[in-house]
1. Using DSSP loop states and a limit of at most 14 other Cβ atoms within 10 Å to flag GluC sites (Glu not before Pro), what is the longest stretch of the chain containing no flagged site?
2. Taking the chain as a Gaussian network, Cα atoms linked when under 10 Å apart, which of G342, G258, G156 shows the biggest mean-square fluctuation?
3. Let me see the P(r) profile for the chain: every Cα-Cα distance counted, bins of 10 Å, each bin given as a percent of all pairs.
4. Roll a 1.4 Å probe over the protein chains and send me the accessible area per residue for the chain in Å².
5. Considering the convex hull of the alpha carbon atoms of segment 287-405, report its projected area averaged over all viewing directions, in nm², one decimal.
6. From largest to smallest, what semi-axes in whole angstrom does segment 280-331 give when each is the square root of 5 times an eigenvalue of its alpha carbon gyration tensor?
7. Which of G108, G229, G276 moves most in a GNM of the chain, Cα contacts under 10 Å?
8. Taking only Cα atoms and a 10 Å spring cutoff, compute GNM fluctuations for the chain and point out the largest among A90, A252, A200.
Amino acid sequence: MKLTIIGTGYVGLVTGTCFAQAGHQVICVDKDADKIKLLKSGGMPIYEPGLEELVKANTAAGRLEFTHSTQEGVERSDIVFIAVPTPALADGSVDLSYIEGVSRDIAGAMTGYRIVVDKSTVPVRTGEKVAETIKRYCKAKVEFDVVSNPEFLREGFAVEDFMRPERVVIGVSSQRPVAAMREVYLPYQAPIIVTDINSAELIKHAANSFLALKISYINAISVLCELTGGNVQEVANGMGMDSRIGRKFLDASLGFGGSCFPKDLSAFIHISAKLGYDFGLLKEVQRINAGQLDRFVKKIMDTLWVVKGKTLGVLGLAFKQNTDDIRMSPAIELCQRLLKEGAALRAHDPQAMEKARAVLPGVTYVDDMNEVAVGCDALIVATEWPVFKTLDLQRARQNLSHPIIFDGRNLFDVAEMERLGFLYKSIGRG
Ligand code: NAD
């Protein structure tokens, strides 16, 4: 099928590439001319495991193209996907100006029937507004259908998730676009849920809020573990073996971040309030999450007494493993707080250092994770990159002026760290 994706970011580029990989003819559009130039010249604007190879293979095969012209994308495709940002505004509501702008651009470019699919995460009832906008701005007065098709991929595992989705949600207001949407997703052999547009939009916000809730739940349990000497990993294992609960998203930490959970939670709370429902449960999820970073910083301050003038090593800057994305990263916020307290920082991240430089200019970036601890008063683990588990701990102990490790991701074994002579402080473990 002929598909266009408007917005070539973490979602749009993965979506377009994986559609092409499945045999569709795809055009990825972005208004960022530098990004399009980079992609056309074989460069990659983001890090996502396995993506670069697929982009190269599919551009070489002629199935994947890039342009900054929405007009061109709309003219040459049957289905147009919207994958532009939906960031949070200061009051927690969603900035829908990107969606509105793209809807107008699409309307202006349509010369015949098109299916317009929203893949961005949006508050319930946005589809209705997209349809209204297209109708208002489409001079050619052609027929169209708006579809909601929320995306559930996880950054760091995006290609894998897209190629093997656990489900595909298709929200429609008429049956006309259903067959074409089924055909788009046919190669992935995933269960397809066809529903109304409002339900599809609600599914995405409900799912992300539930996952955030699960993380905050185990983080609250981690506080109880610290107060009682319990071990949150043992508790999570015991809970997670119950198939009604499941072990995923039960890892205590310094809190969740990223470009999705924080803004989607705020958006869901905000839209609920607007509809007349106070979603207090989700406000508590936010409060617990903010508290985790506060507690972690306090742990560092209480142990070191004064951080002003001390040098701290930080492992991890991305908001989670396997990505270079630092949007709303707890690791970045942690660094900002420590810098504000007067600490000097030496930091390493396998992929996110380039992006971190722009927001944390005063930090010393270290290419080798085993060199971070050199001359530091303590080492901090802020992101759960699996490679950090292979840190040369003997070397870290020698490099540190005091053998202190604060682990915000529970990567190491408590008994082993004590045996190695570390003062080791993690989350919810004794
Ligand atoms: P992103 O910022 O990485 O990418 C968005 C792209 O859209 C940018 O390249 C930007 O230049 C482009 N853009 C903005 N306005 C445009 C316009 N008018 N025309 C053409 N291009 C335009 O954002 P993202 O992380 O890919 O997220 C996109 C949407 O998908 C958001 O609603 C997000 O909540 C949702 N989502 C994200 C993830 C994720 O893991 N990142 C997962 C599921 C859903």
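The values are calculated or read from the model by the stated rules, or taken from the named source; none is laboratory data. As the structure is a computational prediction, the values presented were derived from the model and not from experiment. Here the Cβ is made from the backbone with ideal geometry for all residues, glycine too, and neighbour counts use every protein chain on show. Surface accessibility is based on the protein's heavy atoms, side chains included, excluding ligands, DNA and RNA. Shrake-Rupley method; radii C 1.70, N 1.55, O 1.52, S 1.80 Å.
1. Longest site-free region, per DSSP loop and neighbour criteria: 167-430.
2. Sorting by GNM fluctuation, first place goes to G342.
3. 4, 20, 28, 24, 15, 7, 1, 0
4. So the chain comes to 44 Å² accessible per residue, rounded to a whole number.
5. Mean shadow area of the hull around the Cα atoms is 6.8 nm².
6. 24, 19, 7
7. G276
8. Sorting by GNM fluctuation, first place goes to A90.
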